Amino acid sequence: MIHDFRPSRKQQGTGPLDYAAAIDAAIDRLHQEGRYRTFIDIERKRGHFPRAVWHRPDGTSRDIVVWCGNDYLGMGQHPVVLSAMHEAIDATGAGSGGTRNISGTTVWHKLLEAELADLHGKESALIFTSAYIANDATLSTLPQLLPGLIIYSDSLNHASMIEGIRRNGGAKRIFRHNDVAHLRELLAADDPAAPKLIAFESIYSMDGDFGPMAEICDLAEEFGALTYLDEVHAVGMYGPRGGGVAERDGLMGRIDIINGTLAKAYGVMGGYIAASARMCDAIRSYAPGFIFTTSLPPAVAAGAAASVAHLKSDQALRDRHQQGARTLKMRLKGLGLPIIDHGSHIVPVHVGNPVKCKWLSDQLLEDFGIYVQPINFPTVPRGTERLRFTPSPVHDPLMTQHLVSAMDNLWSSCALNRAELSA
């Protein structure tokens, strides 16, 4: 049989719907609204982070400093992590060779899960290819395990939590951000006998504010609900061993399921949940997002395990990180810039206009060699566009001074050209 590979009428755009035109229109809307996402091509240099090289579209390049990365502590360059990864790749090769169920579980996967369970004081842990998948897979699976489950979700929860809750087919209630009184009203209005779970975050990444963890745990006990805590922006950086805000505040024992990432403070990739052995076994056995995907490469698991183990005792690195964040916030506030400061390591500067936000980002990169990505809708609500700086222990004082001077220069220019940028 000879197949005709010529474009169909639909592919050519001559059918009932011009698909190409519809796609172009969707992309054009992003450009018109000033929120089209541009990917900056950078080359990290081993041993020199946060310095990197920006490769421009025209083929030229320039040295830059990355100020928006999620490698919060610089562990992606740490010798302990690199050594563990080299050892594992030399021993096993590149990939895991399968799903966790079919040949994809190695001694490094088991070591990593043991390190994570110990970190959070839980019986067990389960690793996924990302924290997004861990949230989505777990929250979408729980109603299968607990029929009739009602999930109460903070309105500013991460997209991965929202997606998992949306897909699970069960009942959900959305409470106003960090509004414990509203959460109480919703809990009290439902059947006392119905299974319940409260899903929230320890640190919300766009504003850097903390969830009211103790109060939520109190409500969970009062109404017989499980607690599900996303600690992705806190693990490795808070608590005496890097167990997150729950560890810092002595609340780990009151949290039923903790979600975390290996791609931020730990500098590698992957995500996980830590919970009871029974809960992890059930998710492992029922969640398609765990069952039907290839497991992390052994070298990645080895590097992550080494990073988790190292940060259990490196309080000095955590202290330098917090000091760097405090210093940057103080310096930017001294310029009169609208800093959003809730006491965490995240340093957002409120801009409030997508075009202005993109202009600031572009000028910082082109004129000053400072890379910070603009944060626009739908990541944040319209009118709250911002630049989000993430200082690390390896951003030195000269880098901070350069950033502060650049922001001082550009903010004044941006204010003078406000009408033009808003047009």
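The values are calculated or read from the model by the stated rules, or taken from the named source; none is laboratory data. This one's a predicted model, so the numbers in the text were calculated from it and none came from an experiment. All Cβ positions, glycine included, derive from the backbone under ideal geometry; neighbour counts span all protein chains shown. Heads up: the accessible areas ignore ligands, DNA and RNA and are worked out on the full protein's heavy atoms, side chains in. Shrake-Rupley method; radii C 1.70, N 1.55, O 1.52, S 1.80 Å.
Observations on the model:
- Over segment 328-423, the ratio between the Cα radius of gyration and 2.2 N^0.38 Å evaluates to 1.03.
- Among beta bridges from DSSP that stay inside the chain, the antiparallel ones total about 55%.
- Sites Ala189 and Arg382, calculated FRET efficiency, Cβ-Cβ separation with R0 41 Å, nearest 0.05: 0.85
- DSSP bridge orientation in segment 140-228 - percent antiparallel, rounded to nearest 5: 15 percent
- Net dipole in debye of segment 325-423 [+1 Lys, Arg Cβ; -1 Asp, Glu Cβ; about Cα centre; nearest 20]: 360 debye
- Look at the alpha carbon pairs under 8 Å that are at least 6 residues apart: their mean separation over the length of the chain gives a relative contact order of 20 percent.
- Rounded to the nearest 0.05, the FRET efficiency derived from the C-beta distance between Asp319 and Asn409 at R0 = 30 Å is 0.45.
- Close amide-amide hydrogen proximity is noted between Leu262 and Ala131, Gly270, Gly271, each under 5 Å apart and 5 or more residues distant or on a separate chain (H modeled in the peptide plane; Pro and chain starts excluded).
- Listed residues Pro393, Pro354, Pro338, most fluctuating in the chain (Gaussian network, C-alpha, under 10 Å): Pro338
- Carbon + sulfur, % of accessible area of segment 20-73 - ligands and nucleic acids excluded, 1.4 Å: 51 percent
- Secondary-structure-derived ellipticity at 222 nm for the chain, considering helices only, amounts to -13000 deg cm²/dmol, per-run term -39500 (n - 2.57) for DSSP H runs with n ≥ 4.
- Dipole magnitude for the chain: about 540 debye, using +1 per Lys or Arg Cβ and -1 per Asp or Glu Cβ, origin at the Cα centre.
- Size of charge dipole - segment 225-326 - debye, nearest 20, with Cβ of Lys, Arg +1 and Asp, Glu -1, no other charges: 160 debye
- Cα Rg, Dmax (largest Cα-Cα span) when computed across segment 236-395, Å: 18.9, 55
- With K and R counted +1 and D and E -1, the other residues having a Cβ less than 12 Å from that of Leu187 yield a net charge of -3.
- Neighbour net charge for Gly242 - beta-carbon separation under 13 angstrom, K R +1, D E -1: -1
- Around Ala84: net Lys/Arg minus Asp/Glu count, Cβ-Cβ under 13 Å: -3
- Shape category assigned to segment 221-292 from the gyration tensor of Cα positions, a/c cut at 1.5: oblate
- In segment 280-367, chymotrypsin sites (Phe, Trp or Tyr not before Pro) in a DSSP loop with at most 16 other beta-carbon atoms within 10 Å: Phe292
- Förster radius 22 Å - calculated FRET efficiency between Val80 and Arg326 (Cβ-Cβ, nearest 0.05): 0.25
- Spin-label pair Leu398-Arg166: with each label point 7 Å from Cα along the Cα-Cβ axis, the two points sit 4.7 nm from one another.
- 17 Å Cα-Cα reach of Lys172 towards lysines, excluding residues that sit fewer than 8 places from it in its own chain: Lys196
- Taking all pairs of distinct alpha-carbon atoms in segment 88-221, Kirkwood radius in angstrom: 17.0 Å
- Spatially proximal lysines relative to Lys333 (Cα-Cα < 30 Å; intrachain offsets below 8 disregarded): Lys264, Lys356, Lys358
- Overall form of the chain per C-alpha gyration tensor (a/c, 1.5; a/b vs b/c): rounded
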